[in-house]
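Trainee: If you scroll down you'll find the structure; I have some questions about it.
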Amino acid sequence: MPNKKAAEKRVRSDVNRQFRNLNAKSELKTLTKKFVTALQDKKLAEAKAAFMLLVKRLDQAGKRNIMHKNTISRKQSRMAKQLAKLK
């Protein structure tokens, strides 16, 4: 247990940040699954819409330091290639 007030506050803020990051990562996984299923079903319109939303959310996650920027860039690039291949 922390011995000082500042350390106690850090523990509280770390828990809040942990929940926020967990929710954001969960949403990203859900959006990724929607994109992949749309690709597998060869539904171009749904895949495009899912891709655009996923890219937006990934950029937001990078801005808030939930994921590393290079990881986000790599994921976006690979998904864009898959979408282009479907066309």
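Values quoted throughout were computed directly from the atomic coordinates according to the rules given, and no laboratory measurement underlies them. Bear in mind the structure is a predicted one, so any value in this text is a computation, not a measurement. Here Cβ is always computed from backbone atoms with ideal geometry, including for glycine, and neighbour counts include all displayed protein chains.
Trainee: Given the rule -39500 (n - 2.57) for each run of at least 4 DSSP H residues, summed and divided by the residues of the chain, what is its mean residue ellipticity at 222 nm, to the nearest 500 deg cm²/dmol? Could the numbers behind the result be given before it?
Mentor: Numbers: 3 runs with 74 residues, N = 87.
Result for the chain: -30000 deg cm²/dmol, rounded to the nearest 500.
Trainee: Using a Förster distance of 41 angstrom, determine the FRET efficiency expected from the C-beta separation of M1 and K87, and round it to 0.05.
Mentor: Values: r = 57 Å, r/R0 = 1.39.
The calculated FRET efficiency here is 0.10.
Trainee: Right, another one. With angles folded into 0 to 90 degrees, how steeply does helix 69-86 sit against the dominant principal axis of the chain? Use alpha carbons for both and round to 10.
Mentor: Roughly 20 degrees between the two axes.
Trainee: Using a simple charge model, +1 on the beta-carbon of Lys and Arg, -1 on the beta-carbon of Asp and Glu, nothing else, what dipole does the chain show about its Cα centre, in debye to the nearest 20? Please report the intermediate quantities before stating the final value.
Mentor: Details: 25 positive and 6 negative charges, 41 e Å.
Dipole of the chain, to the nearest 20 debye: 200 debye.
Trainee: Right, another one. Could you calculate the contour length gain from N23 to L44, that is, 0.36 nm times the residue separation minus the distance between their Cα atoms, to one decimal place in nm?
Mentor: On the way: separation 21, 0.36 × 21 = 7.56 nm, distance 2.78 nm.
Difference between extended and current length: 4.8 nm.
Trainee: Please report, in whole Å³, the volume per residue of the convex hull around the C-alpha atoms of the range 5-86.
Mentor: Details: hull volume 5.9 nm³, N = 82.
In the range 5-86, the Cα hull volume divided by residue count equals 72 Å³.
Trainee: Could you pull out every residue, at least 5 positions away or on a different chain, whose amide H is within less than 5 Å of the one on M67? Hs are placed 1.01 Å off N in the peptide plane, and Pro or chain starts have none.
Mentor: Those qualifying (amide H under 5 Å, at least 5 residues apart or on another chain) are G62.
Trainee: Still on this structure, please answer the following. Please list, or write none, the lysines whose alpha carbon is within less than 21 Å of the alpha carbon of K81, excluding same-chain residues fewer than 8 places away.
Mentor: Those lysines meeting the cut-off are K29, K33, K34, K42, K43, K48, K56, K69.
Trainee: So what is the relative contact order for the chain, in percent, with contacts set as C-alpha pairs under 8 Å and at least six apart? List each step's numbers first, then the result.
Mentor: On the way: 41 pairs, mean separation 23.2, N = 87.
27 percent.
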